[in-house]
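The values are calculated or read from the model by the stated rules, or taken from the named source; none is laboratory data. From a predicted model like this one, the values you see are computed outputs, not experimental measurements. So basically every Cβ, Gly included, is an ideal-geometry build from the backbone, and we count neighbours across all protein chains shown. SASA here: full protein model, heavy atoms, side chains in, ligands and nucleic acids out. Shrake-Rupley method; radii C 1.70, N 1.55, O 1.52, S 1.80 Å.
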Amino acid sequence: MQRHHAPFRADVVGSFLRPDSIKQARLQFASGEIDAGQLRAVEDEAIRRVVEQQCACGLHVVTDGEFRRAWWHFDFFDGLQGVERYDAQQGIQFNGVQTKAHGVRVTGKLGFGDHPMLEDFRYLKSISGNAQPKMTIPSPSVLHFRGGRKDIDATVYPDLNDYFDDLATTWRDAIRAFYDAGCRYLQLDDTVWAYLCSEDQRRQIRERGDDADELARIYANVLNKALEGKPDDLTVGLHVCRGNFRSTWISEGGYEPVAEVLFGTVNVDAFFLEYDNDRSGDFAPLRFVRPGKQQVVLGLITTKHGELENPEGVKARLEEAAQYVAKEQICLSPQCGFASTEEGNSLSEAQQWDKVRLVTQIASDVW
């Protein structure tokens, strides 16, 4: 029952708390004390260290901790053709706290060219040793959802069908480019499916004139078009995130409203699902996961706080999930990254690594 390829029985979502060396270097770079090359050298060293730490915890998969990014998504969008970032009137509203105020708008034809994150992946691959390097990028639906029609230039895309076609093509080109750079494990981070599960968010979607169920079908179609022609030896996972900023969240509600479309039709190899608390609902929606086709990586260990879960409690929940999806299709991970933005969640680095070790320990006991 051990898995020697991605996703692994013990896996991670991607981001880790930024070490002080990176925080310091970013401040120095912002004030002009060091240049981009010096900043990159500091990042290289910190990434080498975080790769070693992941391996020391018993993981067979490593990420660069997203150490070169300020955000899990904006930094990727910045490198796309046809996209520009702007200062929004307000940040993204989480439960009791707001992010910095940024937005992105589509001002030209979408495209994927020589993206700087390709080089970021090549560096990770060069230092990952025997571990599998995993790249994380936002999902295509994230580029559309927050702004919708108003953030897409109507002179460039008078017909949104053309926009969604280009959106799919851009991500298909991205998937191919990362593959050509040596990537065999890619994760698409997607907050939108969780929004489509939330009654409050669905109400907001209706109020802006969109239909949540129609959006689900559009996004599933975009994802599947992006995945067309995907090489057999490339594993693509989709992480469904409920928002992760300074230990708080945006959306709540179980997966039932989107389960049939998401699990039943989207052709990724693995679903990374947050299941760390009551906000996430029960395991019944997993009945739509296709038998033998896909892995479900259950995020049963929270990254929101440092208190360690009871291993026996986690094992009991894995058994519960196995009532709806075969046990050999189940893996385990933390529920999200530890720092989806550079600010990071409210726990210490020591607590972060204790959490990762807990994942590998439970996975080795169960499988």
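Just a few scattered comments:
- Under a 5 Å amide H cut-off, with hydrogens placed 1.01 Å from N, Gly82 pairs with nothing among residues at least 5 apart or on other chains.
- Amide hydrogen neighbours beyond the local backbone of Val62, cut-off 5 Å, H modeled: Gln132, Lys134
- Computed extension gain for Ala326 through Arg122, at 0.36 nm per residue and net of the alpha carbon distance, reaches 69.9 nm.
- Estimated distance in nm for a label pair at Arg3 and Lys23, the labels positioned 7 Å out from Cα along Cα-to-Cβ: 3.4 nm
- DSSP bridge orientation in the chain - percent antiparallel, rounded to nearest 5: 25 percent
- Point-to-point label distance, Thr265-Asn224, nm (Cα→Cβ direction, 7 Å offset): 0.6 nm
- Under the criterion of Cα pairs below 8 Å and six or more residues apart, the relative contact order for region 249-367 equals 27 percent.
- Among the GluC sites (Glu not before Pro) in region 1-70, those placed in a DSSP loop whose Cβ has at most 13 other Cβ atoms within 10 Å are Glu33.
- Note on Lys315: lysines with a C-alpha under 16 Å away, same-chain residues under 8 apart excluded, are Lys327, Lys355.
- The chain, helix-only ellipticity at 222 nm - DSSP H runs n ≥ 4, -39,500 (n - 2.57), divided by all residues, nearest 500: -12000 deg cm²/dmol
- Of the GluC sites (Glu not before Pro) found in region 163-238, those in coil by DSSP whose Cβ has at most 16 other Cβ atoms within 10 Å are Glu228.
- With the convex hull of the Cα atoms taken as the outline of the chain, the averaged projected area works out to 16.9 nm².
- Under the span-like rule (Cα at least 24 Å along the axis, Kyte-Doolittle mean at least -0.5), DSSP H helices of the chain: 36-56, 349-366
- Per residue, the solvent-accessible area of the chain (1.4 Å probe, heavy atoms of protein chains only, all protein chains present) comes to 40 Å².
- In region 147-187, the portion of solvent-accessible area held by carbon and sulfur atoms comes to 47 percent [1.4 Å probe, whole percent, DNA, RNA and ligands not counted].
- Spin-label model, Asp232 to Glu312: label points 7 Å out along the Cα-to-beta-carbon direction sit 4.6 nm apart.
- Only one residue of Gln295, His239, Ser364 has its Cα farthest out toward the positive end of the dipole of the chain, where Lys and Arg carry +1 and Asp and Glu -1 on Cβ, and that residue is Ser364.
- Carbon and sulfur %, accessible surface of region 192-242 computed with the full protein complex present, 1.4 Å: 40 percent
- The calculated FRET efficiency for the pair Arg357 and His305, based on their C-beta separation and a Förster distance of 22 Å, comes to about 0.85.
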